[in-house]
1. With the requirement that a residue be within 14 Å of chain A (Cβ to nearest Cβ) and open to solvent by less than 40 Å² (accessible area, probe 1.4 Å), what does the range B:300-337 give you?
2. Quickly run through the range B:251-261 and pick out the residues that are facing chain A (nearest Cβ under 9 Å) and touching a Ser or Thr at 6+ places or on another chain (Cβ under 9 Å).
3. Inside the range A:220-233, can you point out the residues that are at the interface with another protein chain (Cβ under 7 Å from one of its Cβ atoms) and part of a helix (DSSP H, G or I)?
4. Considering (1) within 20 Å of the chain's Cα centre (by Cα); (2) open to solvent by 20 Å² or more (accessible area, probe 1.4 Å), say which one B:Leu253 fails and leave the rest.
5. Does at least one position in the range B:148-159 carry a residue that is at pLDDT 95 or above and within 14 Å of chain A (Cβ to nearest Cβ)?
6. Give the range A:113-141 a look and list any residue that's among the hydrophobic types (A, V, I, L, M, F, W, C), farther than 21 Å from A:Leu8 by Cβ and within 12 Å of chain B (Cβ to nearest Cβ), or say none.
7. Pick from A:Ser327, A:Ser346: which is at pLDDT below 90 and closer than 18 Å to A:Leu261 by Cα?
Number of protein chains: 2
Amino acid sequence: LLHAWRNLHLPLAEAKVIAAVSGGADSTALLLALDELIKTQELRIELIAAHLDHGLRRQSKADARWVIKLARDLGYQIVNQRVDVGQRARITRDNLEQAARRARYEFLAKTAATFKAQLILTAHTMDDQAETIVLRLLRGSGAEGLAGIEPVRSLLSQTASPRRRLQSASGWGKSSQLLLARPLLNWARRSETEDYCRLRKVDYRSDLMNDDEQFARVRVRKQLLPLMASFNGRIVEALARTAELLRDDLSVLNQQASLLLLAAALGDNAETLPALSVAVLAEAPVAVRRRALRQWILQGRGDLRRHELQHVLAIEKLLLGEKGGRSAELPGGDKVVRRQQRLELSVKKSRNTGGKRARDD
Amino acid sequence: LLHAWRNLHLPLAEAKVIAAVSGGADSTALLLALDELIKTQELRIELIAAHLDHGLRRQSKADARWVIKLARDLGYQIVNQRVDVGQRARITRDNLEQAARRARYEFLAKTAATFKAQLILTAHTMDDQAETIVLRLLRGSGAEGLAGIEPVRSLLSQTASPRRRLQSASGWGKSSQLLLARPLLNWARRSETEDYCRLRKVDYRSDLMNDDEQFARVRVRKQLLPLMASFNGRIVEALARTAELLRDDLSVLNQQASLLLLAAALGDNAETLPALSVAVLAEAPVAVRRRALRQWILQGRGDLRRHELQHVLAIEKLLLGEKGGRSAELPGGDKVVRRQQRLELSVKKSRNTGGKRARDD
């Protein structure tokens, strides 16, 4: 863990760190391992455990009590909260998994803000990474999807102005104060987290949903990955390598896209989202142009919820030909309008999105 | 087929075209469909069928006779040849599949040269694409692997000088005379080629190796893809979409790599491979640098056979630190040597490679 910690350039001292602890083997092992590094003074950080009770299962209150006791026994502060994810899912029309994920990251970001923490940790393992990549492959994702879960990413405040966010997009990782990191992702197997809990003689909680084959992720874990392992015994490591290579590619492509977006931006009002030059976009390579358009829409709308390839393709059609006055629909009633040689984003109403919510890791 | 033909910008008239025909449903359907387009004068091309007998199966001579008769009955010239792929595999230490593929493309390139053809066609379908992508994912490939089979690519002559090839790398598709195209790849399913043969009341040959589950590709086809289809009934289309998105990404990344290679090239002897500047390479993003190094090695060695990620990683290590005089081994005894601020490629001996042989499509 310390090795991965250093590789990810996470702070070795003088940081407040929020660790998400569900009580499963992964997050229990992470908490125990952090505890070991703190007590041996390898890490001189202030650790706060955080547990969200999703209110989805009968056992969830008992899980919460168990996590609270574990954290306190180890000597750490713990924040816990209960939400009704089922109700949220009905309101936002997300599925349960998406709604739970959003509730979790909103809770973690809020907790980080309360404690003025610099870092949030989740206990995703290399198995989670492999499952994520396979699920995205099954949907026909591009590099963004197949790059899987990021080991570290910035959570940029939503309070910055669109232009400010636009400008910081190319140097994203450096300009922001709050990081989300998965220090187990690149090396730890799920079975190893179980082993480590046993080694530390600490029990962990089992989530019955992890065995429920009505979830695609569970079927990937129990059926598809084992069949893939019959071709390559190190399939999980192979998928993690693919993800890493694609992340390297994306850092170049996204930087090119940021540069294109700056080159295409018209006007200089730093507080509003700029219109974009049709001519500049039209001659850019598709792989860069599509990402620039996604960044622009993210800046303008605050999120990329339900934003699909088809929406970018519709915007690209506006770039063809000489005519203006046409528009492409975005999810939720927003539109991209072409007026003469300009593309403008028309957002229906201001939404309070509370984070980059389209990221489904 | 005509729609795909136009999308790929293949010549509608005045071209000599070599079609590879094994006698299986895919290539028989391609030949029959081309025949239909030629006889209705939608295509005004000169078509020549080409069949390579790999000498691997008892039935292969009968297959050859069958293909020769089919082509002649339709009124086309046919070139056929027999090779001993088993023997070639023993000499080159390739596996049978690789040796067969190489023998096939060498035969096709030679046939194209003999007839001064501008275009070679193979009958790869969307199913071949899906299988290829899954096989490469199982190995942990990056974007190059997951981009699958290319619908069109240039076969650049090996007689050009290294610098000439280096310079043409960024405009690859335009500067070369011979194209390899797969006009069924982006839309035709294997079952549709069978249907079309039946519609045309023409039989096709079955290859028993297509059912032999000792081949990974057959197990992908018969076990893994059906399981994946239980998650997404349009998995083959989804994988093809992934491949297309990654090809868009690669066209940007490879162009960046070509530009980096030109920027890093030292000296101006157009007939030899240039040494590269350590300083220029060291500050480039890894995704671009690794591709530039691969392009450079391809130019210098003529192929990328047995060239793996590990070899590029070893070269990258040479870029670190101030010291020269170190080297990284390449497959086959070649070396990359760092001397002061230069990287030099030291090729053991000149090989006659007859094409970009590392491309395993």
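The values are calculated or read from the model by the stated rules, or taken from the named source; none is laboratory data. None of the values given here were measured: they were computed from a predicted structure. Every residue, glycine as well, gets a Cβ built from its backbone with ideal geometry; the counts of neighbours run over all protein chains shown. Heavy atoms of the whole protein, side chains included, go into the accessibility calculation; ligands, DNA and RNA do not. Shrake-Rupley method; radii C 1.70, N 1.55, O 1.52, S 1.80 Å.
1. B:Val312, B:Glu316
2. The answer is B:Gln255, and nothing else.
3. Within the range A:220-233, A:Gln223, A:Leu224, A:Leu227, A:Met228 meet the criteria.
4. Among (1) within 20 Å of the chain's Cα centre (by Cα); (2) open to solvent by 20 Å² or more (accessible area, probe 1.4 Å), B:Leu253 violates only (2).
5. Within the range B:148-159, one or more residues are at pLDDT 95 or above and within 14 Å of chain A (Cβ to nearest Cβ).
6. Listed by number, the residues that qualify are A:Val134, A:Leu135, A:Leu137, A:Leu138.
7. A:Ser346
Yes/no per residue for (1) part of a helix (DSSP H, G or I); (2) within 20 Å of A:Arg153 (Cα to Cα); (3) acidic (Asp, Glu):
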| position | (1), (2), (3) |
| --- | --- |
| A:Leu10 | no, yes, no |
| A:Ala15 | no, yes, no |
| A:Ala19 | no, yes, no |
| A:Ser22 | no, no, no |
| A:Glu36 | yes, no, yes |
| A:His51 | no, no, no |
| A:Arg57 | no, no, no |
| A:Lys69 | yes, no, no |
